[in-house]
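Engineer: Right, I'll just put the structure down here and ask away after.
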Amino acid sequence: MSTDIERTPSEHSDLAAPDSPVPDPGVEEHAPRFTDVDERAAERAYRQIVGMLAAVPILVIGFLVAYFAVPRDAELMLFGANLKMQNTLLGLTAGLAALLIGVAAIQWARVLMSDEEIVGERHGAASPPEARERVLADLETGIEATTIRRRKLLGSGMAGALGLMALPAVVSLADLGPWPTAAERAKTIETTLWAEGVHLVNDVTYRRLKADELEVGQLVNAEPENLQKLEGTAYQQAKAKAAIIIVRMDPNAIRIPESRKDWQVNGILCYSKICTHVGCPISLWEQQTHHLLCPCHQSTFDLGNSGLVVFGPAARALPQLPITTDADGYLVARSDFTVPVGPSFFERDSSKDFQEGDR
Amino acid sequence: MAKPADINPSSPAMEVRTPPKQESPNKLAGPATWVDERIGLAKLLGNIRKVFPDHWSFLLGEIALYSFVILLLTGVFLTIWFKPSMTEVEYTGTYELMRGIPMSEAFASTLNLSFDIRGGLLVRQIHHWAAMLFVAAMTAHMLRVFFTGAFRKPRELNWIIGVGLFSMALVEGFAGYSLPDDLLSGTGLRFVDGLVRSIPLIGTWVEFFAFGGEFPGSLIIPRLYMVHILLIPGLLLGLISAHMALLIYHKHTQWPGPGRTQRNIQGYPFFPIYVAKAGGFFFIVFAVAILMGAFMQINPVWIFGPYNPAQVTAGSQPDWYMGFVEGAIRITPNWEWHLWGTTWSWNIFLPGVGLMGLLFTALAVYPFIEAWITGDTSEHHLLDRPRNAPVRTGLGVAGMAAYGMFWLAGGNDILATQFHVSLNAVTYFMRVAVFVVPVLAFIVTKRICLSLQRSDVERVLHGSETGVIVRSPDGGYSEAHRPISPGEAYSLTRHPQPEALVPNGKQVGRLRGRLSRWYAQGQVPKPTAAQIAAAADHAAVGTEHDAAALDSGDSGETH
């Protein structure tokens, strides 16, 4: 049988042909294995393989025992690690059983099945030219039968109609989510729960925070007091934007711009906890440098300098929440954030956000 | 004992119509005929003695395939109990530390699977380990195919299918580890929220459409569940079938060697050898996954706790196969454009969407670029030894180096804390390293390839070192060499060495000519038949001399 490779037109047919200074010595002679020449070796291999298979039922019984008899909360110390006993035993028995089946099958193929290499013929990927011509001719006959060549609108009409059917399919997806129009954005990603008079509360205990309870150098994770009224999805969505950190720094050691003089209370400043890079909650506080580092991608913000980016991939300063104290000395917000928290988005020009040199 | 009464064999009552006697002694012939008469089984099966060549590197793709099967099996088990719902519930299961804590149903059902369903934790861990194995095996398989040139004509389309499988596996893995709704997976989702938001023009729309509104919403986990258990597995299954069908159609490539040509395939028959070997190997891969699930903890979500949008842990990282994207995100400088009242977040879009797009596009088009550079239009069924394609090997290693640098950058915080170096310094270093290290890797790899080519020539001409040091009569020392077998000599010299295309203005322009020269130049010429003959003569003389010297112990004679 001739091959198609020979017939394939090629400008570099020399690549396909062997081009060796040494003649091809042909397929290597078959070397017999131990088990081919020594009947006792073959017998041993046979026993080994059957032995492996015979161990499988024992392991399966072990699995059943582990499943039904081992208590769920039993633990097992192994190599200094505390393992759940049932989990480990189930895996050990099932894993070893599978391993034995696999090894037995491969060993069987390796040492007992015939290992004579065989040679198969290979044909080029292309169809023979006559097959190609036949299909082209059939195609031609078919196209002729459709009369599409004379009645041209049939073709373009069908194509256009089919193409247009994509539209209902695509449009049906328009309700995947609310459309982020200007009005929708103003209600969602551009606003948070913070508003004038909302108390700052500890994010775990929901206790209000007194300005004079905070010490210089301290950082408190906080939330708006009205967050606890929400639950479920609304709670998570609100929390994902409203989370803040409160830090108290020595007012003389930090820079407070003119426009933000009354956003703070005796060096207590409040910033969004949501990174302006991709939105991770930031929490690594370097007390001495006043830097706040995001653990996700290491954007670093200088809280002693209006939350400006000092390092990393974030492009915008951390939004600062204007705060003051109420009549009893508890910290309250003066308003919502003045810019949206979290990552930038296309529709809003963030170049007017606070920058180095702003006052 | 009563004897049964004799029966008259000619009795009409006992007459039975027997079916015509089967010709074949094979017990399977009966049922096989039954099936064949209905569905044409023999035609369907084709040649069950199809030849498969044997080489360890051909197992890598098999591991990926078997991991996929394991993922399907364990995944079905997990769906029986997992609830893809973000509805808030109070945990009431047996894990004491979480009792009474509000969490999503998804997280609660994951805890339930881990603590209350017998075998649930094991299956969860097998599933996660198998997913790691799936991507790792695919990556290794892809590298094998790349470095041996197995992607060349006629297999370019199968290579593209493979790239599709690889890209989908990453998305599938990501969707999977987002489902439990623990702190780590929620952090990953939040990253994706920021990532899609950064897409120019449509980012906010994609974000709102994907999450059904603001992050996190209540829809993303049910939606990802659909993607994870239906959409992508379906696509993977279809593409894997196409991948296998093309593999069978093209037949396997084979390593060059004696008797192996572009027109034959040498190896062992599918039935029974590969049925046993491949079937056995499936069980071994499964066994490894099970044992990993039993002994190696993975994704202990009960330690991370339920997702809380105000929390994150230091050292948060995605599964390893997303590490290169993570690294790129970490080291890209904070570039943001502001045009006509809009914001273009290049700092996220370029390393996230851009880098993944670049990787998959570069992989998909490489076979065509190489064929264009070399002008090679012939079919290839014999593999290249990586050393014999130094530029391709260099490019591959450069790609691996770039991937590795991005991947390391994904752990820049871990590197900084483990090696007590400045995080900022690591980041700055990585910004440079992702460009410089690949270039160095290319140069070094190409030099290594050429050196290996040279050592092949040495070996063909002078044989292999015997380790026997011979002292010549005049006091010099030399090592005796043993000639290599004709088979090995053939294997080392049969590879084609492409020549550079000559620019002719029309088909081969200046750029193509230059690239072609760059691709072909520097190769160590193969020894010619004359050189081999001369070297053999010399060796024969030398051996006689050595033998004579050893025999006589006489030092007087010289040649």
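The values are calculated or read from the model by the stated rules, or taken from the named source; none is laboratory data. Treat the numbers as computed from the prediction; the structure is a model and nothing was measured. Using ideal geometry, Cβ is built from the backbone for each residue, glycine included, and neighbour counts are taken over all protein chains shown.
Engineer: I'm trying to understand the selection: among the residues of the range A:229-249, which are within 7 Å of chain B (Cβ to nearest Cβ) and assigned to a helix (DSSP H, G or I)?
Structural biologist: Quick first cut of the range A:229-249, residues within 7 Å of chain B (Cβ to nearest Cβ) only: A:231-233, A:236-237, A:239-240, A:243.
Scanning the range A:229-249 gives A:GLY232, A:THR233, A:GLN236, A:GLN237, A:LYS239, A:ALA240.
Engineer: Let me ask you something else. May I ask you to say which residue of B:THR417, B:THR361 is closer than 20 Å to B:LEU170 by Cα and without any contact (Cβ under 8 Å) to a residue 12 or more places away in the chain?
Structural biologist: Values: B:THR417 fails: closer than 20 Å to B:LEU170 by Cα.
None of the other options fit; the residue is B:THR361.
Engineer: Condition test on A:ARG316, is it surrounded by 17 or more Cβ atoms within 10 Å (Cβ to Cβ) and under 34 Å from the mean Cα position of the chain (by Cα)? Write out each step before concluding.
Structural biologist: Numbers: surrounded by 17 or more Cβ atoms within 10 Å (Cβ to Cβ): yes; under 34 Å from the mean Cα position of the chain (by Cα): yes.
Spelling it out, A:ARG316 is indeed surrounded by 17 or more Cβ atoms within 10 Å (Cβ to Cβ) and under 34 Å from the mean Cα position of the chain (by Cα).
Engineer: Next up: Kindly indicate whether B:ILE331 is of a type outside the set (D, E, K, R) and buried (at least 22 other Cβ atoms within 10 Å of the Cβ).
Structural biologist: Details: of a type outside the set (D, E, K, R): yes; buried (at least 22 other Cβ atoms within 10 Å of the Cβ): yes.
Here the answer is yes, as B:ILE331 does meet what is asked.
Engineer: Of all residues being assigned to a helix (DSSP H, G or I) and touching a strand residue (DSSP E or B) at 6+ places or on another chain (Cβ under 9 Å) in the range B:276-302, which is nearest to the other protein chains (Cβ to nearest Cβ)? Just the residue, please.
Structural biologist: If we filter the range B:276-302 for residues that are assigned to a helix (DSSP H, G or I), which is where we start, we get B:276-295, B:301-302.
Then keep just the ones that are touching a strand residue (DSSP E or B) at 6+ places or on another chain (Cβ under 9 Å); that gives B:277-278, B:294-295, B:301-302.
Numbers: B:LYS277: 5, B:ALA278: 9, B:ALA294: 2, B:PHE295: 7, B:VAL301: 14, B:TRP302: 11 Å.
Within the range B:276-302, the match that is nearest to the other protein chains (Cβ to nearest Cβ) is B:ALA294.
Engineer: A further question follows. Name the residues in the range A:65-98 that are within 32 Å of the chain's Cα centre (by Cα) and assigned to a helix (DSSP H, G or I), would you?
Structural biologist: Correct list: A:MET85, A:GLN86, A:ASN87, A:THR88, A:LEU89, A:LEU90, A:GLY91, A:LEU92, A:ALA94, A:GLY95, A:ALA98.
Engineer: Restricting attention to the range B:4-49, and to residues there that are outside any helix (DSSP H, G or I) and among the hydrophobic types (A, V, I, L, M, F, W, C), which single residue is modelled with the highest pLDDT? Explain how you work it out, then say what you get.
Structural biologist: Let us first name the residues in the range B:4-49 that are outside any helix (DSSP H, G or I), namely B:4-11, B:15-28, B:40, B:46-49.
Next, from what is left, pick out any that are among the hydrophobic types (A, V, I, L, M, F, W, C): B:5, B:7, B:16, B:28, B:48.
Details: B:ALA5: 56, B:ILE7: 54, B:VAL16: 57, B:LEU28: 81, B:ILE48: 86.
My answer is B:ILE48.
Engineer: Go over the candidates A:GLU258, A:GLU286, A:GLU347, A:GLU356 one by one and state the one that is more than 23 Å from the chain's Cα centre (by Cα) and facing chain B (nearest Cβ under 8 Å).
Structural biologist: So the residue among A:GLU258, A:GLU286, A:GLU347, A:GLU356 that is more than 23 Å from the chain's Cα centre (by Cα) and facing chain B (nearest Cβ under 8 Å) is A:GLU347.
Engineer: For the range A:215-222, does any single residue satisfy the condition of being part of a loop (DSSP other than H, G, I, E, B), surrounded by fewer than 17 Cβ atoms within 10 Å (Cβ to Cβ) and within 13 Å of chain B (Cβ to nearest Cβ)? Walk me through how you get there before you give the answer.
Structural biologist: Applying the first criterion (part of a loop (DSSP other than H, G, I, E, B)) to the range A:215-222 yields A:215-218.
Filter once more, keeping what is surrounded by fewer than 17 Cβ atoms within 10 Å (Cβ to Cβ): A:215-218.
Next, only the ones that are within 13 Å of chain B (Cβ to nearest Cβ) stay: none.
Checked the range A:215-222: no residue is part of a loop (DSSP other than H, G, I, E, B), surrounded by fewer than 17 Cβ atoms within 10 Å (Cβ to Cβ) and within 13 Å of chain B (Cβ to nearest Cβ).
Engineer: Does at least one position in the range A:309-325 carry a residue that is within 30 Å of B:ALA425 (Cβ to Cβ) and away from chain B (no Cβ under 14 Å)?
Structural biologist: Quick first cut of the range A:309-325, residues within 30 Å of B:ALA425 (Cβ to Cβ) only: A:309-320.
From what is left, the residues that are away from chain B (no Cβ under 14 Å) are A:319-320.
Yes, the conditions are met somewhere in the range A:309-325.
Engineer: Can you pull out every residue in the range B:308-339 that is more than 8 Å from every other protein chain (Cβ to nearest Cβ) and over 26 Å from the mean Cα position of the chain (by Cα)?
Structural biologist: If the condition is that a residue be more than 8 Å from every other protein chain (Cβ to nearest Cβ) and over 26 Å from the mean Cα position of the chain (by Cα), then B:TRP337, B:LEU339 are the ones that fit.
Engineer: Consider the range A:97-124. How many of its residues are free of Cβ contacts under 8 Å to residues at least 40 places away in the same chain and closer than 19 Å to B:ALA276 by Cα? So that I can check it myself, show each step before the final result.
Structural biologist: Within the range A:97-124, the first condition is being free of Cβ contacts under 8 Å to residues at least 40 places away in the same chain, and the residues that meet it are A:98-99, A:102, A:105-106, A:109-110, A:113-114, A:118, A:120.
Remaining after also requiring closer than 19 Å to B:ALA276 by Cα: A:98-99, A:102, A:105-106, A:109-110, A:113-114, A:118.
The total comes to 10.
Engineer: Scan the range B:383-407 residue by residue and report those that are crowded, with 21+ Cβ neighbours inside 10 Å and within 14 Å of chain A (Cβ to nearest Cβ).
Structural biologist: B:LEU383, B:ASN388, B:ALA389, B:PHE406 - these are the residues of the range B:383-407 that are crowded, with 21+ Cβ neighbours inside 10 Å and within 14 Å of chain A (Cβ to nearest Cβ).
Engineer: Same structure again: Give the range B:262-272 a look and list any residue that's facing chain A (nearest Cβ under 7 Å), within 30 Å of A:ALA105 (Cβ to Cβ) and in contact (Cβ under 8 Å) with a residue 12 or more places away in the chain, or say none. Break it down into steps so the answer makes sense when it comes.
Structural biologist: Looking only at the range B:262-272, we keep the residues that are facing chain A (nearest Cβ under 7 Å), and these are B:262-269, B:272.
So of that shortlist, the ones also within 30 Å of A:ALA105 (Cβ to Cβ) come out as B:264-269, B:272.
If the condition is that a residue be facing chain A (nearest Cβ under 7 Å), within 30 Å of A:ALA105 (Cβ to Cβ) and in contact (Cβ under 8 Å) with a residue 12 or more places away in the chain, then B:ILE265, B:GLN266, B:GLY267, B:TYR268, B:PRO269 are the ones that fit.
Engineer: Separate question: Mind listing just one residue for me: the one in the range B:87-130 that is in a loop (DSSP other than H, G, I, E, B) and either away from every other protein chain (no Cβ under 13 Å) or out of contact with any helix residue (DSSP H, G or I) (no Cβ under 7 Å at 6 or more places or on another chain) (or both) and, of those, surrounded by the fewest Cβ atoms within 10 Å (Cβ to Cβ)?
Structural biologist: Restricting attention to the range B:87-130, the residues satisfying the condition of being in a loop (DSSP other than H, G, I, E, B) are B:87, B:91-95, B:99-101, B:116-119.
If we keep only those that are either away from every other protein chain (no Cβ under 13 Å) or out of contact with any helix residue (DSSP H, G or I) (no Cβ under 7 Å at 6 or more places or on another chain) (or both) as well, we get B:91-92, B:99-101, B:116.
Values: B:TYR91: 18, B:THR92: 10, B:ARG99: 11, B:GLY100: 8, B:ILE101: 14, B:ASP116: 15.
Within the range B:87-130, the match that is surrounded by the fewest Cβ atoms within 10 Å (Cβ to Cβ) is B:GLY100.
Engineer: Quick one: which of A:ALA41, A:ALA94 is of a type in the set (Gly, Ala, Ser) and either in contact (Cβ under 8 Å) with a residue 60 or more places away in the chain or more than 9 Å from chain B (Cβ to nearest Cβ) (or both)? Don't jump to the end; show me each part of the working.
Structural biologist: Values: A:ALA94 fails: either in contact (Cβ under 8 Å) with a residue 60 or more places away in the chain or more than 9 Å from chain B (Cβ to nearest Cβ) (or both).
A:ALA41 is the lone residue from the list that is of a type in the set (Gly, Ala, Ser) and either in contact (Cβ under 8 Å) with a residue 60 or more places away in the chain or more than 9 Å from chain B (Cβ to nearest Cβ) (or both).
Engineer: Report the residue count in the range B:452-505 for those that are part of a strand (DSSP E or B), in contact with a Lys or Arg (Cβ under 6 Å, 6 or more places away or on another chain) and of a type in the set (A, V, I, L, M). Walk me through it before giving the result.
Structural biologist: The initial filter retains those residues of the range B:452-505 that are part of a strand (DSSP E or B), namely B:464-471, B:477-482.
Going one step further and asking which of them are in contact with a Lys or Arg (Cβ under 6 Å, 6 or more places away or on another chain), we end up with B:464, B:466, B:477.
Now drop any that are not of a type in the set (A, V, I, L, M), which leaves none.
Total satisfying the criteria: 0.
Engineer: Within the range B:182-192, can one find any residue that is more than 10 Å from chain A (Cβ to nearest Cβ), within 30 Å of the chain's Cα centre (by Cα), of a type outside the set (Val, Ile, Thr) and not in a helix (DSSP H, G or I)?
Structural biologist: yes
Engineer: So, one more: Among the listed residues A:GLY62, A:GLY51, identify the single one that is touching a residue at least 24 places away in the same chain (Cβ under 8 Å), closer than 24 Å to A:ILE101 by Cβ, small (Gly, Ala, Ser) and more than 10 Å from chain B (Cβ to nearest Cβ). Before the answer, list the steps.
Structural biologist: Working: A:GLY51 fails: touching a residue at least 24 places away in the same chain (Cβ under 8 Å).
Result: A:GLY62 is the single residue among A:GLY62, A:GLY51 that is touching a residue at least 24 places away in the same chain (Cβ under 8 Å), closer than 24 Å to A:ILE101 by Cβ, small (Gly, Ala, Ser) and more than 10 Å from chain B (Cβ to nearest Cβ).
Engineer: Surrounded by 18 or more Cβ atoms within 10 Å (Cβ to Cβ), more than 25 Å from B:SER185 (Cα to Cα) and either over 37 Å from the mean Cα position of the chain (by Cα) or in contact (Cβ under 8 Å) with a residue 40 or more places away in the chain (or both): does that describe A:ILE323? Full working, then the answer.
Structural biologist: Numbers: surrounded by 18 or more Cβ atoms within 10 Å (Cβ to Cβ): yes; more than 25 Å from B:SER185 (Cα to Cα): yes; either over 37 Å from the mean Cα position of the chain (by Cα) or in contact (Cβ under 8 Å) with a residue 40 or more places away in the chain (or both): yes.
Yes, satisfied.
Engineer: Is there a residue being touching a helix residue (DSSP H, G or I) at 6+ places or on another chain (Cβ under 8 Å), under 25 Å from A:ASP250 (Cα atoms) and more than 12 Å from chain B (Cβ to nearest Cβ) anywhere in the range A:205-213?
Structural biologist: yes
Engineer: If you scan the range B:236-251, which residues turn out to be more than 15 Å from B:GLY164 (Cα to Cα) and crowded, with 19+ Cβ neighbours inside 10 Å?
Structural biologist: Across the range B:236-251, the qualifying residues are B:HIS250, B:LYS251.
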